[in-house]
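Notes to accompany the following structure.
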Amino acid sequence: MIEIKIPKEIKDYKGKWFFGLTLRRTISLIISVGIGISSYHTLLNYIPPNIASYLMMISVTPTLFLGFFTYNGLTAEQFLLAIIKTYIRPRRMYEEDNIYTTIREEIIEDEDNKKNRKRGGKIFGN
């Protein structure tokens, strides 16, 4: 019997275009092939073929990364933007507003005032 996989969530469905690749990945692959061929033939005039092939692979890597990388439903651009926002934006400084500390300080002040009154001394020592 033939089975067809149906995603649990309809938002997870991605249409397949070319050899089972999504449109985003197909476009990324076409762009990276263009970059690879042009960079290889350009570098071939100046350096040996084996070094040119390594440099071609390095030049193609960013476009393939942008096209194929996903993490928790985020594309590469969204993921990198989230990392940048997390680590570069200014940190917020929060002030502590602990009412228990405030109440404790007031109780200590009241006790000090009671002790000074019992001694007959003034609070400020005049």
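Miscellaneous remarks
- Filter pass, Gly34 being at pLDDT 90 or above, within 20 Å of Arg24 (Cβ to Cβ) and either in a strand (DSSP E or B) or out of contact with any strand residue (DSSP E or B) (no Cβ under 7 Å at 6 or more places or on another chain) (or both): yes
- For segment 78-126, the tally of residues that are modelled with pLDDT of 70 or more and in a loop (DSSP other than H, G, I, E, B) stands at 3.
- Consider segment 40-77 and keep the residues that are assigned to a helix (DSSP H, G or I) and among the β-branched types (Val, Ile, Thr). The one that is surrounded by the fewest Cβ atoms within 10 Å (Cβ to Cβ) is Ile58.
- Condition met for Thr26 (modelled with pLDDT under 90, under 30 Å from the mean Cα position of the chain (by Cα) and closer than 20 Å to Ala76 by Cβ): yes
- A single member of Thr22, Thr63, Thr26 is touching a strand residue (DSSP E or B) at 6+ places or on another chain (Cβ under 7 Å) and not aromatic (Phe, Trp, Tyr), and it is Thr26.
The values are calculated or read from the model by the stated rules, or taken from the named source; none is laboratory data. Just so we're clear, the structure is a prediction, and the values are computed from it rather than from any experiment. Glycine gets a Cβ as well: all are built from the backbone with ideal geometry, and neighbour counts include every protein chain shown.
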